[in-house]
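Report on the structure given below.
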Amino acid sequence: MTEFMLVYLVLIVGACLQSVIGFGLGLLGAPLIYLLMPELVPGPMILNALLLTTLLAVKHQYDIDLKQTGFSILGGTAGVLVAGSVLLYIDAHQYQMLLGFCILAAVVLSLVGVKPRISIISNLIAAMVSGFMGTTTSAGGAPMGLLYQSEDKNKIKANLSVFFVYINMFGIAVLWFTGAAGHKDLELFLRCIPAILIGWLLSYFVNRRINEEFTRKLILAVAAFAGVALILAH
């Protein structure tokens, strides 16, 4: 019971964070929840993200850039397919340390002044890495978050939410097909729904007290946290 209460707390904070900046539920939650209840990663966490990103995509539908989102989905599809193939033969947990270092490297590049320009190529690459990371570890927000870090906060939430709705749907389907997810994951997800909704509602109060520069810093902080957590949890 105590463990699940801690899981609820992590989910509430993660859902609130993602509702504010467009990603964070998987980045913040996956490493901590893996330590508390490993059975919640990645299947139920992907379903949690699917619920939340659907709510956010509907709310911010008028800020969606269909052209850029289309290229993101194309790259994300490739990443998910690669992840699915890897999961057939290799334990995904072996990749946590490598992925953690990759996230930290991306944060360092941003801190020293490197802000990737949003283009077809950058979208495809970031989306591919996000799709792979999201499917193998349920923490795939950093690459896309770093790409969109300098955009308007509503555009960040709109485009990242639509992207992750698709990636989460496709990712859970791939996990189900490979046997890495099943009915037990669905049962665990249903138990998590109240925490996701509470975090989403809390974001309405946080949203009024945040600006775009702080949002960018928050994205970098969350990405750095995820990198360190993945390495330590390896």
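The values are calculated or read from the model by the stated rules, or taken from the named source; none is laboratory data. Remember, it's a predicted structure, so these values are computed and weren't measured experimentally. When we count neighbours, we look across all protein chains shown, and the Cβ atoms used for this are built from the backbone with ideal geometry, even at glycine. Protein only, heavy atoms only, side chains kept; ligands, DNA and RNA dropped before computing areas. Shrake-Rupley method; radii C 1.70, N 1.55, O 1.52, S 1.80 Å.
Here are the numbers for this structure:
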read-out: Positions within the range 1-50 being of a type in the set (G, A, S), touching a Phe, Trp or Tyr at 6+ places or on another chain (Cβ under 8 Å) and buried (at least 24 other Cβ atoms within 10 Å of the Cβ), in sequence order; value: A15, S19, G22, A49
read-out: Yes/no for S110 being small (G, A, S), in contact (Cβ under 8 Å) with a residue 60 or more places away in the chain and either open to solvent by 20 Å² or more (accessible area, probe 1.4 Å) or part of a helix (DSSP H, G or I) (or both); value: yes
read-out: Verdict on V82 being more than 18 Å from S161 (Cα to Cα), under 14 Å from the mean Cα position of the chain (by Cα), open to solvent by 10 Å² or more (accessible area, probe 1.4 Å) and among the hydrophobic types (A, V, I, L, M, F, W, C); value: no
read-out: Of all residues in the range 66-75 being open to solvent by 50 Å² or more (accessible area, probe 1.4 Å) and of a type outside the set (A, V, I, L, M), the one that is farthest from the chain's Cα centre (by Cα); value: K67
read-out: Restricting the range 205-218 to residues that are within 15 Å of C16 (Cβ to Cβ), in contact (Cβ under 8 Å) with a residue 60 or more places away in the chain and in a helix (DSSP H, G or I), the residue that is nearest to the chain's Cα centre (by Cα); value: L218
read-out: Any pair with Cβ under 6 angstrom, 6 or more apart, that starts in the range 2-30 at a residue that is hydroxyl-bearing (S, T, Y) and ends at one that is open to solvent by less than 10 Å² (accessible area, probe 1.4 Å) and assigned to a helix (DSSP H, G or I); value: Y8/A195; S19/S203
read-out: Residue match in the range 112-125 (condition: under 24 Å from N207 (Cβ atoms) and either modelled with pLDDT under 90 or in contact with a Cys (Cβ under 7 Å, 6 or more places away or on another chain) (or both)); value: yes
read-out: Criterion (crowded, with 22+ Cβ neighbours inside 10 Å and polar (S, T, N, Q)) met by exactly one of S119, S161; value: S161
read-out: Breaking point among (1) in a helix (DSSP H, G or I); (2) buried (at least 18 other Cβ atoms within 10 Å of the Cβ), for A221; value: (2)
read-out: Pair list, Cβ < 9 Å and 6+ apart or interchain, from the range 163-180 residues that are in a helix (DSSP H, G or I) to residues that are polar (S, T, N, Q) and open to solvent by 20 Å² or more (accessible area, probe 1.4 Å); value: V165/T54; Y166/T77; I167/T77; N168/T54; F170/T77; T178/S85
read-out: Residue list for the range 52-64, filter: more than 17 Å from the chain's Cα centre (by Cα) and open to solvent by less than 50 Å² (accessible area, probe 1.4 Å); value: H60, I64
read-out: Answer residue from the range 167-205, given it is open to solvent by 60 Å² or more (accessible area, probe 1.4 Å) and charged (D, E, K, R) and is nearest to S85 (Cα to Cα) among those; value: K184
